[in-house]
Structures are given as C-alpha cells and as structure tokens.
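Here is the structure we will look at.
The values are calculated or read from the model by the stated rules, or taken from the named source; none is laboratory data. Quantities reported herein were computed from a predicted structural model and do not represent experimental measurements. Every residue, glycine as well, gets a Cβ built from its backbone with ideal geometry; the counts of neighbours run over all protein chains shown. When the accessible area is computed, the model is the full protein with side chains, heavy atoms only, and any ligands, DNA or RNA have been set aside. Shrake-Rupley method; radii C 1.70, N 1.55, O 1.52, S 1.80 Å.
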Amino acid sequence: MSALASESLVRSAPAITQAETRFDALDALESEAIHIFREVAGEFDRPVILFSGGKDSTLLVHLAAKAFAPAAVPFPLLHVDTGHNYPEVIDFRDRLAERLGLRLVIAHVQDWIDDGRLVERPDGTRNPLQTVPLLDSINEHRFDAVFGGGRRDEERARAKERIISLRDAFGRWDPRKQRPELWNLYNGRHAPGEHVRVFPISNWTELDVWRYIQRENIELPSIYYSHQREVFRRDGMWLAEGPWGGPRDGESLELKTVRYRTVGDGSCTGAVESEATTLDEVIAEVTASRLTERGATRADDRLSEAAMEDRKREGYF
C-alpha cells in the first residue's frame, strides 16, 4: 500500500472519543461478568447471590438478569441481616426482590443471638457476627456457589482473591488451595461439603460501578445520594444514631448534608459530607477521591491491619 493510500485511510477513520473508549471498557467488564454467571450456572447445582441492597450486590443482580434474559434469574438472593441496617436499604431490598420475582432468603443475626449461638459484642457492632449465620445458611440450603460483590480495589485482602475461590467444609479460605485462573478458565471442582465464592465484578473499580449504574439507569437506595441526616463524629467518621448505640458521652448529634459510599451495619458504616444528588455529581466526587469507600467509611476494616484477612479465614468473605 502506498504512503498516500495509507494516509487516506488514517484520515478517513472515525475519531474515537473518550466516551466511546469508556463505554468499550464497561462493555468488556460486563461481558466478563456475564460469562462468569453463565459458567457458574452450568457447572454448579445450587448457586446463590449474596445481596445486601448495596450498589455492588445490586449490580450483581442486574448483571445476572442480563445474563439469563429473557428467562428469570435462576438463583435466589441471600441476605445476612444484622438488624442494624438502614430502613431505606431494607425497603429497597424487598422491593427489588418482589419486582424481579426472586426468592429472598434472609438470615437474621438476631435469631442466632436469641438462641445463644451468638453473643452480642460490647461495642454494639454486628458486622463480625455475620459469619456464623452466613455459613449456617449456606449449609442449610446446600448452596455450592456463592456470588459476592467483592472488588480488587476495595481492600488489600480482596486484591489477591480469585474469581472463583474455594472454601473448605468449614467455610474457611486457605490461600494455598486457590487455583490459577488462566485464559478465563475457572476451576469449580470441590469436594462434598465445600463450596466456592464467586466474584464476577472482581476486576471493576468503584468508578466503573458508578459509570455502569449511570449507563444502565440502575436504581439504588436513596442514601447513596446527598440528603440531610443527624450524625455524630466518631473515629473520623460520621455515624448515624440507631439501635446499635450512640452518641456516647462527648459525642453530639449534628444535622449534616451527607451521603453513603457503601451500606452495611449502621454501627460501623459512616457517611461522608457531600452535596452530590445526581449520578454525574457522585461520579465526579468518586473520581476526585483518593480513598476507597471501605477505607473511608467502614470502621470494621479499621479494627486491625488484617481485619478482612481474618474474616476471610473465618469464612465471612
């Protein structure tokens, strides 16, 4: 080909805009996640989606719906309810399950406390108490593949997790038993009593999640957007008053304009001061942030340097 012809081809090629590049990246992430859902559906007998009503688990449900459309999502949802969740999130959880016709399995931490299988912690947080109800529910319903919304950018213990991660008969994670994942080949082999955790959005970032939510017009609980709420300051975070306790002596309630970057147990999930009421504003805010949502607003990840690592070994994550 002559240099003139080559130059003509270059000039006639359509310019690739930044938006098109971004959407191509989201398409690739979506395609990978849908592939993982379909692989698990074909390889396992009783998968389940962990669902908290948060943005990541809501994204999982949306991707699962796309993976199996026009059929219904073939998996139930499992929520380990600490009893300390925000009412807006619980209402959203129930409405979404009803709208999509999904079976919702709820493990109430309070039930385990009432019958003595768990003991309330002195600090009032129930997030660490979720492990036993989760593993008991997996065993009771014989779930063999458990979808979670973990992402590699959230926290260091998550960064080294596989897409399909083996758990032993006690639900525990052992790094020595994890398999290599080459060329998108996922090994789901497991012995009786074992199960796997599956992370379809492992390669997404928080910003990817928000951009995809905007593109797909995915509904989220209202607390993800700026609103006024009475909060108090503790350990550098704004916490809301609730049945989990607080404010303590020396802590006072203040009316602040805040939003939540992640949702979970109210005793350890903080709000951030924000004026972001639209998806565009949230995306701009996340783009400018230098802290992940868990690092900025989850007290349970601050208990120790290896807090999430310990919970993985116990069987929670």
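In the stretch 42-53, the qualifying residues are those that are out of contact with any Leu (no Cβ under 8 Å at 6 or more places or on another chain) and open to solvent by 40 Å² or more (accessible area, probe 1.4 Å), and the one that is nearest to Ala69 (Cα to Cα) is Gly42. Taking the numbered list (1) at pLDDT 90 or above; (2) assigned to a loop (DSSP other than H, G, I, E, B); (3) not basic (Lys, Arg) in turn, Asp153 passes all entries but (1). With Pro122, Pro87, Pro128 as the choices, which residue is open to solvent by 10 Å² or more (accessible area, probe 1.4 Å), within 24 Å of Pro221 (Cα to Cα) and without any contact (Cβ under 8 Å) to a residue 12 or more places away in the chain? Matching residue, one of Pro122, Pro87, Pro128: Pro87. How about the stretch 28-41: which of its residues are in contact with a helix residue (DSSP H, G or I) (Cβ under 8 Å, 6 or more places away or on another chain) and surrounded by 16 or more Cβ atoms within 10 Å (Cβ to Cβ)? Result: Leu29, Glu30, Ala33, Ile34, Phe37, Ala41. Note on the stretch 54-84: residues that are open to solvent by less than 60 Å² (accessible area, probe 1.4 Å) and within 19 Å of Asp27 (Cα to Cα) amount to 13. Filtering the stretch 90-119 to residues that are of a type in the set (Lys, Arg) and surrounded by fewer than 17 Cβ atoms within 10 Å (Cβ to Cβ) leaves Arg95, Arg99, Arg103, Arg117. Ala65 passes every criterion in (1) in contact with a His (Cβ under 7 Å, 6 or more places away or on another chain); (2) at pLDDT 95 or above apart from (1). Restricting attention to the stretch 248-287 and to residues that are more than 20 Å from Gly149 (Cβ to Cβ) and at pLDDT below 90, the residue that is least open to solvent (accessible area, probe 1.4 Å) turns out to be Ser267.
For the stretch 228-236, the criterion of being out of contact with any helix residue (DSSP H, G or I) (no Cβ under 8 Å at 6 or more places or on another chain) and either of a type in the set (Phe, Trp, Tyr) or within 21 Å of Phe37 (Cα to Cα) (or both) is satisfied by at least one residue. Screening the candidates His190, His195 for the property of being touching a residue at least 40 places away in the same chain (Cβ under 8 Å), touching an Asp or Glu at 6+ places or on another chain (Cβ under 8 Å) and more than 20 Å from Pro76 (Cα to Cα) yields one hit, His190. Within the stretch 252-293, track down each residue that is part of a loop (DSSP other than H, G, I, E, B) and within 17 Å of the chain's Cα centre (by Cα). Those that are part of a loop (DSSP other than H, G, I, E, B) and within 17 Å of the chain's Cα centre (by Cα): Tyr260, Arg261, Thr262, Val263, Gly264, Asp265, Gly266, Cys268, Gly270, Leu291, Thr292.
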